[in-house]
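**Student:** The structure under discussion is supplied below as structure tokens; questions concerning it will follow.
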Amino acid sequence: MSSGQPFQTNNAIIKWIDHRLPIFSLTNDTLVDYPAPRNLNYWWNFGSLAGLALVVMIVTGIVLAMQYTPHVDYAFDSVERIMRDVNGGWLIRYIHMNMASFFFIAVIIHIFRGLYYGSYKAPREILWILGVVIFLLMMATAFMGYVLPWGQMSFWGATVITNLFSAIPLVGESIVTWLWGGFSVNNPTLNRFFALHYLLPFVIVGVVILHIWALHRFGSNNPLGIDAKGPQDKIPFHPYYTVKDAFGVGVFLLIFSVFLFFAPNFLGHPDNYIPANPLSTPAHIVPEWYFLPFYAILRSVPDKLLGVVLMFASIGILFILPWLDRSPVRSCKFRPVYKWFFWVLLIACVALGWAGQEAPEGAPLYISRVATAYYFFHFLVLLPLLGVIERPKPLPASIAEPVLGGGEVWSNAAAKPMEKA
Ligand code: HEM
């Protein structure tokens, strides 16, 4: 979707290249002239922040790989060497470690933004599904990356999670042996995890390109959740949203720097600074914080297979979300009942995250059971039902109407509509 105005330049070289390979036109249509709804709020910053985090992860990861040794006898020491002896190694590693968490923070906010404003609904179903694919790939990449330093949590986390597949009837044990490349988590496991951890981020880049392509097919949704009616509802991406995104990047990096320079191990587990020891199981095996809600779902039921099924189903359900929500209205702003349940879902997810870090007994177990039950109830029962029984509030006639208070469309110099830009 472009502004309809062809890309123009006086530079003869750019003209020559663009005629043969319209790369400048594409960039112009995507990042400069791209017509965006004029009412996007700061929750729309998190897509570009996720993109930034992805780039930082790939760049720092490639540099780390230059000094890392994927062998069970050397991996831990090679990471310590990066931290102590390699020039700037500590900085590159701490950026990679902490940006992984910030990447998840950005993407989780991005997902909840989509849930609140109904961005997953028609015609953006494929855009949403590609997002869920990205989320799965991110989790696989993060899980394998955490194994690489070959600390106690690396080893035991890998052992617990890969062992989950043994719950599958008949073929489970064979699948686990196949995943390990042997009869325990060992050198072949570490080696393949390194190979895949290097590969998957590039697969994510590919899916992100499809994600943005799908986004540009119909353009961004917006806080009102209604379609743009005409040029007065839109403004060009540059300078309005380039500046807004740049501001978001500044705030994001500022908060990131606080963790990076003052508490670089805050989000990690101290046990991972103990070399992996297959003969000594840690008292509590705790995954990274972004896996905790799923870990809580896994352990909320006494049956291992059911736990595994529920854990995968909690993500799988997101693939069919666009068809579970029957409401014709996108944005929660106009859904007086569903709006409250959105917050209940958010609280349930936070509760699951808290329960996931506790031992599965007593209050944490009880809370994880209630929150798991609510999670599935929310998507499988509430959403389809509310779509039918909820009476949405009246929608505004256009995006421009509530933004400009009607009538002022052409006089508002601060946000020029598309034709004037
Ligand atoms: C590497 C991870 C990701 C990147 C780099 C990324 C990038 C982007 C960008 C740049 C946008 C446009 C700006 C914005 O709306 O914030 C966007 C929109 C969107 N993304 Fe993502 N995304 C990622 C992951 C996801 C995930 C995991 C989901 C959902 C499961 C998702 C769902 C969506 C949806 C529904 C939109 C349209 C939003 C709207 O127009 O209201 N994305 N994404």
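The values are calculated or read from the model by the stated rules, or taken from the named source; none is laboratory data. Keep in mind that what you see is a predicted model, and the values were worked out from it rather than measured. With ideal geometry, Cβ positions are generated from the backbone for all residues, glycine too; neighbour counts draw on all protein chains shown. Keep in mind that these areas ignore ligands, DNA and RNA; they rest on the heavy atoms of the full protein, side chains included. Shrake-Rupley method; radii C 1.70, N 1.55, O 1.52, S 1.80 Å.
**Student:** May I ask you to list the residues in segment 126-136 that are open to solvent by less than 40 Å² (accessible area, probe 1.4 Å) and either more than 8 Å from the ligand (Cβ to nearest atom) or under 17 Å from Gly225 (Cβ atoms) (or both)? Please lay out each step first, then the result.
**Tutor:** The first filter runs over segment 126-136 and keeps only residues open to solvent by less than 40 Å² (accessible area, probe 1.4 Å), leaving 127-128, 130-132, 134-135.
Listed by number, the residues that qualify are Leu127, Trp128.
**Student:** Just checking, which of Ile209, Ile255 is under 21 Å from Ile105 (Cα atoms), open to solvent by 60 Å² or more (accessible area, probe 1.4 Å) and either within 12 Å of the ligand (Cβ to nearest atom) or touching a Cys at 6+ places or on another chain (Cβ under 7 Å) (or both)?
**Tutor:** Numbers: Ile255 fails: either within 12 Å of the ligand (Cβ to nearest atom) or touching a Cys at 6+ places or on another chain (Cβ under 7 Å) (or both).
Just one listed residue meets the conditions, Ile209.
**Student:** Right, next: Filter segment 298-312 for residues that are open to solvent by 30 Å² or more (accessible area, probe 1.4 Å) and of a type in the set (Val, Ile, Thr); which is nearest to Pro360 (Cα to Cα)?
**Tutor:** Per the criteria, the residue is Val301.
**Student:** Can you name every residue in segment 227-271 that is over 24 Å from Ser119 (Cβ atoms) and of a type in the set (Ser, Thr, Tyr)?
**Tutor:** Correct list: Ser257 only.
**Student:** Checking Ser25 against (1) touching a residue at least 24 places away in the same chain (Cβ under 8 Å); (2) assigned to a helix (DSSP H, G or I); (3) among the polar types (S, T, N, Q), which single condition isn't satisfied?
**Tutor:** Ser25 satisfies all of (1) touching a residue at least 24 places away in the same chain (Cβ under 8 Å); (2) assigned to a helix (DSSP H, G or I); (3) among the polar types (S, T, N, Q) except (1).
**Student:** Which residues, counting only those in segment 369-397, are surrounded by fewer than 14 Cβ atoms within 10 Å (Cβ to Cβ) and part of a helix (DSSP H, G or I)?
**Tutor:** Of segment 369-397, the ones surrounded by fewer than 14 Cβ atoms within 10 Å (Cβ to Cβ) are 373, 381, 385, 388-389, 391, 393-394, 397.
Ala373, Val381, Leu385, Val388, Ile389, listed by residue number.
Rundown of residues vs (1) open to solvent by 40 Å² or more (accessible area, probe 1.4 Å); (2) more than 11 Å from the ligand (Cβ to nearest atom); (3) in contact (Cβ under 8 Å) with a residue 24 or more places away in the chain; (4) touching a strand residue (DSSP E or B) at 6+ places or on another chain (Cβ under 9 Å), yes/no style:
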{"position": "Arg20", "(1), (2), (3), (4)": "yes, yes, no, no"}
{"position": "Val59", "(1), (2), (3), (4)": "yes, yes, no, no"}
{"position": "Phe76", "(1), (2), (3), (4)": "no, yes, yes, yes"}
{"position": "Val86", "(1), (2), (3), (4)": "no, yes, no, no"}
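**Student:** Given the residues Lys229, Lys244, which is the only one that is of a type in the set (Lys, Arg), in contact (Cβ under 8 Å) with a residue 12 or more places away in the chain and open to solvent by 50 Å² or more (accessible area, probe 1.4 Å)? Spell out how you get there, then give the answer.
**Tutor:** Details: Lys244 fails: open to solvent by 50 Å² or more (accessible area, probe 1.4 Å).
Within the list Lys229, Lys244, the selection yields Lys229.
**Student:** Take the residues in segment 191-201 that are under 25 Å from the mean Cα position of the chain (by Cα) and away from the ligand (no atom under 12 Å from the Cβ); name whichever of them is least open to solvent (accessible area, probe 1.4 Å).
**Tutor:** First pass over segment 191-201, keeping only residues under 25 Å from the mean Cα position of the chain (by Cα): 192-201.
When the remaining residues are screened for being away from the ligand (no atom under 12 Å from the Cβ), the result is 192-199.
Values: Arg192: 86, Phe193: 17, Phe194: 41, Ala195: 60, Leu196: 71, His197: 39, Tyr198: 90, Leu199: 90 Å².
Filtering segment 191-201 for residues that are under 25 Å from the mean Cα position of the chain (by Cα) and away from the ligand (no atom under 12 Å from the Cβ), the one least open to solvent (accessible area, probe 1.4 Å) comes out as Phe193.
**Student:** Is it the case, given these coordinates, that Leu26 is open to solvent by 60 Å² or more (accessible area, probe 1.4 Å) and closer than 25 Å to Val208 by Cβ?
**Tutor:** yes
Residue by residue, here is whether (1) within 16 Å of the ligand (Cβ to nearest atom); (2) open to solvent by less than 20 Å² (accessible area, probe 1.4 Å); (3) not assigned by TED's automatic domain parsing to the domain that holds Val203 holds:
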site: Tyr120; (1), (2), (3): yes, yes, no
site: Met138; (1), (2), (3): yes, yes, no
site: Met153; (1), (2), (3): no, yes, no
site: Trp156; (1), (2), (3): no, no, no
site: Leu170; (1), (2), (3): no, no, no
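**Student:** Right, another one. For segment 88-115: of the residues being aromatic (Phe, Trp, Tyr) and surrounded by fewer than 21 Cβ atoms within 10 Å (Cβ to Cβ), which is farthest from the ligand (Cβ to nearest atom)? I'd like the intermediate steps shown before the answer.
**Tutor:** We begin by selecting, within segment 88-115, every residue aromatic (Phe, Trp, Tyr); these are 90, 94, 102-104, 112.
Checking the rest, the ones that are also surrounded by fewer than 21 Cβ atoms within 10 Å (Cβ to Cβ) come to 90, 94, 112.
Values: Trp90: 26, Tyr94: 21, Phe112: 10 Å.
Across segment 88-115, the extreme among qualifying residues is Trp90.
**Student:** Starting from segment 331-345, keep only residues that are open to solvent by 50 Å² or more (accessible area, probe 1.4 Å), then list their pairs with residues that are among the acidic types (Asp, Glu) whose Cβ atoms are within a distance under 7 Å, requiring at least 6 positions of separation or different chains.
**Tutor:** Val337/Glu390
**Student:** Here is a further query. Could you please let me know if Trp16 is among the aromatic types (Phe, Trp, Tyr), on the phi < 0 side of the Ramachandran plot and assigned by TED's automatic domain parsing to the domain that holds Asn191?
**Tutor:** No: the conditions fail for Trp16.
**Student:** Regarding segment 2-17, can at least one residue be identified that is open to solvent by less than 30 Å² (accessible area, probe 1.4 Å) and either more than 16 Å from the ligand (Cβ to nearest atom) or touching a residue at least 24 places away in the same chain (Cβ under 8 Å) (or both)? Write out each step before concluding.
**Tutor:** Kept after step one, since they are open to solvent by less than 30 Å² (accessible area, probe 1.4 Å), are these residues of segment 2-17: none.
No, because not a single residue in segment 2-17 is open to solvent by less than 30 Å² (accessible area, probe 1.4 Å) and either more than 16 Å from the ligand (Cβ to nearest atom) or touching a residue at least 24 places away in the same chain (Cβ under 8 Å) (or both).
**Student:** A follow-up question, please. Using the structure shown, decide if Leu215 is closer than 14 Å to Trp44 by Cβ, not small (Gly, Ala, Ser) and not in a helix (DSSP H, G or I). Talk me through it step by step, then tell me what you get.
**Tutor:** Numbers: closer than 14 Å to Trp44 by Cβ: yes; not small (Gly, Ala, Ser): yes; not in a helix (DSSP H, G or I): no.
Here the answer is no, as Leu215 does not meet what is asked.
**Student:** Kindly evaluate Tyr68 against the criterion of being in the same structural domain as Leu190 (by TED's automatic domain parsing) and touching a residue at least 24 places away in the same chain (Cβ under 8 Å). Spell out how you get there, then give the answer.
**Tutor:** On the way: in the same structural domain as Leu190 (by TED's automatic domain parsing): yes; touching a residue at least 24 places away in the same chain (Cβ under 8 Å): yes.
Here the answer is yes, as Tyr68 does meet what is asked.
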